[in-house]
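No value in this document is a laboratory result; all are computed from the given coordinates. Since this is a predicted model, take the numbers as computed values, not measurements. Backbone-built Cβ (ideal geometry, glycine too); neighbour counts: all protein chains shown.
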Amino acid sequence: MSSRFRLQFLGATGTVTGSKYLLHAGDHRVLVDCGLFQGWKQLRLKNWAELPFPPHSLDAVLLTHAHIDHSGYLPVLGKRGFRRRIYCTHGTRALAEILLVDAAHLQEEEANFANKHRFSRHQPALPLFTADDARAVCRHLAPVDYGHRIEVAKGLTACWRPNGHIIGSASIEIDHAGVSIAFSGDVGRMSDPLMRPPTPIVAADYVVVESTYGDRLHPASDTAATLREVVARTVARGGSVLIPAFAVGRAQVILFHLYQLRQRGELPQVPIYINSPMAIDATEIYREFAGEHKLSERDYSAMCQMAKFVRTPDESKQLCQQKAPMIVISASGMATGGRVLHHLVQMAPDERNTILFTGFQSGGTRGATLASGANVVKIFGDYVPVRAEVVNIETMSAHADYEELLQWLSGFRRAPRHVFVTHGEPSAADALRRKIGERFGWSCSVPEYRDEVVLD
């Protein structure tokens, strides 16, 4: 297929992970987002497969934000020959430098653990990428200001707009030869407790919009009240609360809610731990980028002082052995890796404890398995019984629900020629497609993996 402007979908189709969109602009190629696939094994295998283009042929990569499902494939891209600029906001660069190296360390640790205990089918088990790979690709991160349009390849310009998901997150407007396309990225909540609301994009010929919650509305329940009730009943029976949380965004929102509850005297006097070096580092970045969130310096400092930061592996091991009631926030949010797994091994078999999820659990992840009510979960090659209470507070999600997505789309002052619905499970993506058609009357479709379309 030949055209001056084409789009190919190489991820986030039928799933909320692996975001990759390849733009062909004449003889130039630009990749929008470069995420890892997560969840089901058939998805994760795509991380090891060859891309349908040579990485060195890319003129640039454009990132919407730093979450691993949008940035986590960058070290692989670099390892396979990419050496050009990776454009992103200043906040995204700061977070990506933390997240990518941490993701590499986790993979290296898991591979070493698997080899030591011989539970992997692969001999030897290898990480997808190393910390050196992550550091190498981070040298290519090129920060840009919000609202500043730059040329990212010959004849192709881009502009980043704040979208309220996490620090540095953005929607991206791209123009080439009089044709424009907007990528929503992950759209934040209109009334998020921490982040400022998303900035609308007013015009584009084509739109690529996420649909994580394309078939759901966030419950109207009081998040803080629900959190208070969960903690109170768990502590009353002598248990602890384990909160698997995304290190960037979710961990900080949880900490904020706990801080507010403690300020009001509505939280039991049990210690609060953040056992995630990445979440600790990310929390510090919220101080650096204070203009992107609603917290005052006073509240931010008090919130951080309330929690005990667990930094070293030895401190983490000691915490895992602690029996007294406590609240532990640990990555990752879908229990796919990290220190939270060691906590799950210790805490899941005890009916006094609670495992509290606070966001979307992608199919095929341990988080989805636990949230579905499973009585066992596989961790480190062994089956761990689940007797602890499992709760999911959906109101704490940093993703817009379908009404908020429609509200963001309503900012367009003219109808796009076509809307592509991505980054959602099949039912969610199709539901949002229908809602966009019903609400606006716009042409809309849900692309398949590796679909290619002409933008004219």
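Miscellaneous remarks
- For the chain, averaging the sequence separation of C-alpha pairs within contact (under 8 Å, six or more residues apart) and dividing by the residue count gives a relative contact order of 19 percent.
- Only beta bridges with both residues in region 223-396 are counted; by DSSP, about 20 percent of them are antiparallel.
- Shape of region 96-214, Cα gyration tensor, a/c cut at 1.5: prolate
- The alpha carbon centroids of region 161-212 and region 79-156 are separated by 23 Å.
- The order of the peptides 343-356, 377-390 by mean Cβ neighbours within 10 Å, most packed first, is 343-356, 377-390.
- Counting only DSSP beta bridges with both residues in the chain, the antiparallel share comes to about 50 percent.
- With K and R counted +1 and D and E -1, the other residues having a Cβ less than 13 Å from that of MET347 yield a net charge of +1.
- Over region 223-396, the Kirkwood radius and the radius of gyration, each from Cα atoms, give a ratio Rg/Rh of 0.94.
- 22 Å Cα-Cα reach of LYS154 towards lysines, excluding residues that sit fewer than 8 places from it in its own chain: LYS20
- When the Cα atoms of region 350-394 are aligned to their principal axes, the ranges along those axes come out at 28, 26, 14 Å in descending order.
- Between PHE357 and VAL391, ASN392, ILE393, the built amide H atoms are under 5 Å apart, and every one of these is 5 or more places off in sequence or on another chain.
- For the listed residue pairs LYS41/LYS79; LYS317/LYS378; LYS46/LYS435, the alpha carbons are over 26 angstrom apart in LYS46/LYS435.
- Dipole axis of the chain (+1 Lys, Arg; -1 Asp, Glu on Cβ), positive-most option in SER332, PRO143, SER57: SER332
- Taking a straight Cα-Cα cut-off under 24 Å and skipping sequence neighbours fewer than 8 places away in the same chain, the lysines within cross-link reach of LYS294 are LYS308.
- Cα gyration tensor, region 192-274 - rounded (a/c under 1.5), prolate or oblate: prolate
- If R0 equals 30 Å, the separation of the Cβ atoms of SER445 and ARG414 corresponds to a calculated FRET efficiency of about 0.95.
- Per-residue Karplus couplings for region 183-196, computed as 6.51 cos²θ - 1.76 cosθ + 1.60 with θ equal to phi - 60°, are listed in order as 10, 5, x, 8, 7, x, 6, 6, 10, 5, x, 10, 7, 6 Hz, Gly and Pro entered as x.
- Estimated from helical segments only, the mean residue ellipticity of the chain at 222 nm is -9500 deg cm²/dmol, where each DSSP H run of four or more residues counts as -39500 (n - 2.57).
- Under the criterion of Cα pairs below 8 Å and six or more residues apart, the relative contact order for region 223-396 equals 30 percent.
- Correct choice for volume of the Cα convex hull per residue in Å³ that was computed from the model, options (i) 154; (ii) 130; (iii) 166: (ii)
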